[in-house]
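> Dropping the structure in here first, questions after.
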Amino acid sequence: MAPANRPLRVFVVAAEPSGDMVGAELIRALRAASPGVEIAGVGREAMAAEGVATDIDLSALSVLGLFDGLRVWRQVHERSDACARAAAAFNADQVVLIDSWGFMLRVAWKVREACPGARIVKYIGPQAFATRPGRAKTLARAVDNLLAIHPFDPEYFEPYGLPTIVVGNPALERDLTGDGAGFRRQHAITDDARVILVLFGSRKAEVERLFDDFAATAEALAKDRPDLRLVTVVAPSVAESVRNRLASRDTLSGMIVVGPEERLDAFAAADAALACSGTVTLELSRMGVPSVVGYRLGPVAWAIAWNFMLKAPYVSLVNLAAGRELLPERLQTRAVPEHLVPEMARLIDDAQHRSTVSKALVETTKLMAGNGEGASVNAARALIELGPK
């Protein structure tokens with residue numbers, strides 16, 4: 001237990017780019033709610049911009065699942081141990097672990113050994129409603145509290161004795177204002193041109209598995225549509241890989257490639273998107289950009305997921321919330337041009353359909369956001385109220 005005469009010390013760990021953003025938002029909210037709070041942690045660029053920098057590199061750990069994780073197993077072990085030692089050196093009262101189920105589970109185990117007096121809090125739990133319910137039991141044994149983003153999460157975790165506080169989804173509170181007109185001017189895109197986003201993913205394994213089929217889909221769409229402008233937004237972790245792959249395809253030499261700094265402007269300029277499944281599809285939906293969602297796992301991992309893990313009818317949260325497929329999902333063997341091109345063509349060529357879907361996406365995400373001050377504020381308040389262990 002922390003001495004009563006010193007501020008709360010919170011150690012935040014985020015491995016993924018999306019988790020890093022959540023971590024940065026949480027850090028800002030914590031400082032606003034309790035100016036004296038002391039914060040350290042392990043993250044990436046967004047957390048570093050908030051003054052929480054580290055020399056522990058987690059970028060190589062952006063993997064998809066068990067079989068991808070085996071390739072970096074030694075790094076997982078070393079980095080989780082390093083995170084736990086850093087938390088202990090900081091004398092943390094709380095260790096907040098964001099997203100990244102497999103890695104953060106190991107960090108929790110290590111933290112329990114390195115600083116047993118710290119309260120371990122998982123922020124964003126595994127999707128027990130969609131995959132293996134057994135993960136709820138495993139998490140309950142590893143951490144002290146869960147800050148959940150779905151209103152139905154408590155029913156999955158609390159039966160195993162894990163106190164769960166629903167704080168809301170961070171992706172639904174962000175300011176997603178972008179300058180679409182400015183983006184078009186900057187990249188010489190005429191007002192009457194149709195802009196299509198092609199988003200290959202933010203993880204190396206996602207790019208490796210989706211690039212060829214997404215690229216072939218983009219080529220097929222652009223072939224008979226001279227007014228079509230293709231845009232991709234690349235995360236720093238995969239920028240070099242995407243640029244190199246695009247350079248090898250002459251037919252995509254005109255694709256506009258931008259980084260995170262133009263991300264929201266590109267989204268605001270877009271008419272439709274072909275996107276790797278993830279948080280980005282929720283953000284696009286909030287902005288009213290209709291999308292076709294693709295995803296692919298390794299064959300063995302997919303066989304296990306399909307037969308034993310996948311419980312929900314959809315992988316996209318917007319579809320789950322709507323109870324219907326607002327975002328066409330083309331997964332695994334269906335994430336190929338044969339299935340992607342027709343769905344994208346309908347969005348591109350049928351303006352009425354595109355408008356109808358856009359309105360439905362905006363309305364659905366508004367309902368998902370609900371009331372309150374936002375996930376980051378709610379999460380910060382919950383941590384302050386929980387205090388030391």
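The values are calculated or read from the model by the stated rules, or taken from the named source; none is laboratory data. Predicted, not measured: the structure shown is a model, and the values here were computed from it. When we count neighbours, we look across all protein chains shown, and the Cβ atoms used for this are built from the backbone with ideal geometry, even at glycine. Protein only, heavy atoms only, side chains kept; ligands, DNA and RNA dropped before computing areas. Shrake-Rupley method; radii C 1.70, N 1.55, O 1.52, S 1.80 Å.
> Can you go through Arg85, Arg71, Arg79, Arg132 and tell me which one is modelled with pLDDT of 90 or more, basic (Lys, Arg) and open to solvent by 60 Å² or more (accessible area, probe 1.4 Å)?
When all the criteria are applied, what remains is Arg85.
> Follow-up. Please work out which residue is surrounded by the most Cβ atoms within 10 Å (Cβ to Cβ), limiting yourself to segment 193-205 and to residues that are at pLDDT 95 or above and in contact with an Asp or Glu (Cβ under 7 Å, 6 or more places away or on another chain).
Phe200
> Now a separate question. For segment 320-371, how many residues meet the condition of being hydrophobic (A, V, I, L, M, F, W, C) and closer than 30 Å to Val167 by Cβ?
13
> If you don't mind, there's one more thing I want to ask. Considering Ala29, Ala53, Ala24, Ala40, which residue is at pLDDT 85 or above, open to solvent by less than 30 Å² (accessible area, probe 1.4 Å), among the small types (Gly, Ala, Ser) and not in a helix (DSSP H, G or I)?
Result of the check over Ala29, Ala53, Ala24, Ala40: Ala40.
> Would you mind listing the strands (runs of 3 or more DSSP E) fully within segment 210-279 where at least 2 residues are under 19 Å from Arg354 (Cα atoms) and open to solvent by less than 40 Å² (accessible area, probe 1.4 Å)?
Passing ranges, in order: 228-233, 272-276.
> Pairs under 6 Å by beta carbon, first residue closer than 14 Å to Pro170 by Cα in segment 12-25, partner part of a helix (DSSP H, G or I) and open to solvent by 10 Å² or more (accessible area, probe 1.4 Å), six or more apart or different chains?
Ser18/Thr279; Asp20/Ala46; Met21/Ala46; Ala24/Ala46
> Could I ask something else about it? Of the residues Asn91, Asn145, which single one is at pLDDT 95 or above, over 30 Å from Leu246 (Cβ atoms), among the polar types (S, T, N, Q) and open to solvent by 50 Å² or more (accessible area, probe 1.4 Å)?
Of the residues listed, the single one that is at pLDDT 95 or above, over 30 Å from Leu246 (Cβ atoms), among the polar types (S, T, N, Q) and open to solvent by 50 Å² or more (accessible area, probe 1.4 Å) is Asn91.
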